[in-house]
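The values are calculated or read from the model by the stated rules, or taken from the named source; none is laboratory data. Because the structure is predicted, anything quoted here is derived from the model rather than measured. Reconstructed Cβ throughout: ideal geometry from the backbone, glycine too, with neighbour counts over all protein chains shown. The protein model used for the area step is the full one, side chains on, heavy atoms only, and it has no ligands, DNA or RNA in it. Shrake-Rupley method; radii C 1.70, N 1.55, O 1.52, S 1.80 Å.
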Amino acid sequence: MALRRTPSQNILIFVAVMLLLLFCLFPFVQILSTSLKHQADWGNPSLIPAQLNFEAYKELLGFSQQEVELPETIRMMLESPAISEEQRAAIIKKFTSTSDIFPFGRYMLNTFVISMVTAFLSTLIATFAAYALSRLKFRGRNAFSNTVMFVYMVGGVLLMVPLYQMAVSTGLASTVPGTLICLLLIYLVQTLPVAIYMLGNYFRTIPFSLEEAAMIDGYSRTSAIFAVIIPLSRPMLLTVMFYCFVIAWNEYLFASVFLKQYQDFHTLPLALQTLFSSKNAIWDRIMAASMLTLIPVVIAFSVANRFISSGGTAGGVKE
């Protein structure tokens with residue numbers, strides 16, 4: 001007989017869950033609040049801005065271009081007769097140049113392309129690998145499965161130095177295409193184990209009799225995968241793809257090593273770190289960039305949660 005909770009226990013559980021939820025969501029609320037505040041309102045501890053400010057979002061998304069004004073101290077220095085015209089022009093150019101404006105759109109595009117390619121290739125390779133591990137019987141299957149999970153448990157810090165040395169020794173790290181290929185392979189190594197594990201467990205829930213029925217109708221084993229397994233596994237395939245996308249989107253360690261010398265190809269996690277040390281390091285702009293970086297992750301998890309389903313093959317076969 002299952003024990004029923006008393007009303008007081010239900011209230012305590014509800015309060016505990018709400019406190020945990022508030023604790024997890026508070027940093028994101030603080031980021032959003034700061035990104036919408038004017039500079040004069042940054043010292044206000046309230047989470048509600050006194051006046052909404054969308055200028056940081058407009059600048060990052062390219063909807064507005066803020067003119068750069070010379071600081072008062074620089075203006076006073078330029079009035080000195082000891083400064084030549086060439087020096088005065090060089091100083092004005094340095095402080096009014098917009099060449100180092102944070103190119104958020106370019107960095108987001110770089111991150112999106114790398115993450116999407118990683119997610120697609122990882123899901124494609126993991127589909128066939130997971131099918132082989134869940135359906136086929138061959139020598140070394142258990143050893144291969146355990147090895148895949150062992151690679152997933154090894155921290156990236158331990159692999160960073162040898163992988164970079166391999167990229168340098170082969171000459172791939174000296175060119176942009178070679179560096180991107182190395183980074184893509186590393187992301188595949190990071191995402192494939194969990195993708196194979198998730199898809200393998202899902203494929204085991206699909207009755208093999210459905211494949212047998214397809215093969216009786218004339219399908220080969222390979223064509224039965226595309227005709228039966230993949231259509232029935234579409235929710236899990238999309239979930240795995242979004243999960244791999246998020247892993248690649250948030251990756252910072254390897255991107256900071258391989259892409260450091262190629263600024264035009266920085267990803268968003270690496271670009272946000274460099275934003276703190278640039279002249280664009282203004283709190284509302286930093287927080288707005290952080291919020292815009294979070295949006296694809298939130299969308300990916302929301303869509304993945306929608307596609308996670310159980311019992312997709314219920315009624316497909318009678319036992």
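The Cα atoms of the range 201-273 cover 57, 20, 14 Å along the three principal axes, with the biggest extent listed first. For the range 170-214, the calculated P(r), taken from all Cα-Cα distances in 10 Å bins from zero up to the bin holding the longest distance, is 23, 26, 21, 17, 12, 1 percent. Taking a Cβ cut-off of under 13 Å around Tyr219, the surrounding Lys, Arg, Asp and Glu residues balance to a net charge of -2, with basic ones at +1 and acidic ones at -1. Taking the square roots of five times each eigenvalue of the Cα gyration tensor of the chain, the equivalent ellipsoid has semi-axes of 49, 29, 17 Å, listed largest first.
Please identify the longest segment of the chain free of exposed trypsin sites (Lys or Arg not before Pro), where exposed means a DSSP state other than H, G, I, E or B and no more than 13 other Cβ atoms within 10 Å.
No qualifying site falls inside 6-136, the longest such stretch.
Positive end of the dipole of the chain, charges at C-beta (+1 Lys, Arg; -1 Asp, Glu), about the Cα centre: which of Val15, Ile114, Pro27 has its Cα farthest in that direction? Value: Val15. Surface composition of the chain: carbon plus sulfur atoms contribute 67% of the solvent-accessible area (1.4 Å probe, protein chains only, all chains present). The alpha-carbon atoms of the range 101-219 define a convex hull whose volume equals 174 cubic angstrom per residue.
Peptides 6-17, 142-153 ranked from most to least packed, by the mean per-residue count of other Cβ atoms within 10 Å: 142-153, 6-17.
Loop-only check: which chymotrypsin sites (Phe, Trp or Tyr not before Pro) in the range 205-251 are DSSP coil with at most 13 other Cβ within 10 angstrom? Write down the numbers at each step before the final one.
Working: sites: Phe208, Tyr219, Phe226, Phe242, Tyr243, Phe245, Trp249; in loops: Tyr219.
For chymotrypsin sites (Phe, Trp or Tyr not before Pro) across the range 205-251 that sit outside H, G, I, E and B with at most 13 neighbouring Cβ atoms in 10 Å, the list is empty.
The alpha carbon radius of gyration of the range 158-283, expressed as a multiple of 2.2 N^0.38 Å, is 1.49.
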